[in-house]
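Input: a single structure, listed below in structure tokens.
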Amino acid sequence: MVLAIDDFFTPEECDKYVQLAMKPDPELAPTVEIQSKTVGKNARDRAQRTSTTWFNHFKSTPELMSKASRLLGLSGIDRWEEPQIVRYRKEEKFTWHLDALAPDGELASLGGQRVATLLVYLSDLSEDQGGATMFRDLGEDDGPLKVAPKKGS
């Protein structure tokens with residue numbers, strides 16, 4: 001299931017989260033910036049993602065935690081992954097992938113597979129700038145389902 005929610009964040013919240021990545025507030029919690037990684041054993045697997053990721057502590061993202069919890073009907077964050085802000089520049093990408101890991105014994109002890117992924121676009125893009133999330137296995141005869149960024153959704 002794919003839900004598209006317009007105005008999930010206000011424009012001010014979007015700006016706050018962009019700033020959180022660019023200028024983290026050490027009083028809230030440390031933010032860790034890395035070249036985005038993928039799971040894989042070879043260079044081809046690792047090259048499928050070329051973005052930059054900032055990992056944030058839960059307490060530095062209260063609007064996200066509150067709104068996402070309400071949306072998903074959750075009362076706690078005990079099984080959440082830490083919030084991430086990801087930047088894609090022109091020509092950067094994350095190619096076709098699944099938001100799941102290969103099953104193994106340790107995965108069950110960590111709570112199992114991810115059951116939902118929430119994407120919030122923090123900026124608008126014009127048609128000529130490109131950028132979208134495409135769901136290869138969803139859609140109609142004319143191609144995959146494409147969700148284009150609209151700030152705050």
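What per residue convex hull volume, in Å³, do the alpha-carbon atoms of region 54-150 yield? Write out the running numbers ahead of the final one.
Details: hull volume 14.5 nm³, N = 97.
Spread over its residues, the Cα hull of region 54-150 gives 149 Å³ apiece.
Please quote Rg/Rh for region 67-111 to two decimal places, taking the Kirkwood radius as Rh and restricting both calculations to Cα atoms. Can you show the working numbers first?
Values: Rg = 14.8 Å, Rh = 14.0 Å.
Across region 67-111, the Cα-based Rg/Rh ratio is 1.06.
Throughout, read-outs are computed from the coordinates displayed, never taken from laboratory work. No experiment lies behind these values; they were computed from the predicted model shown.
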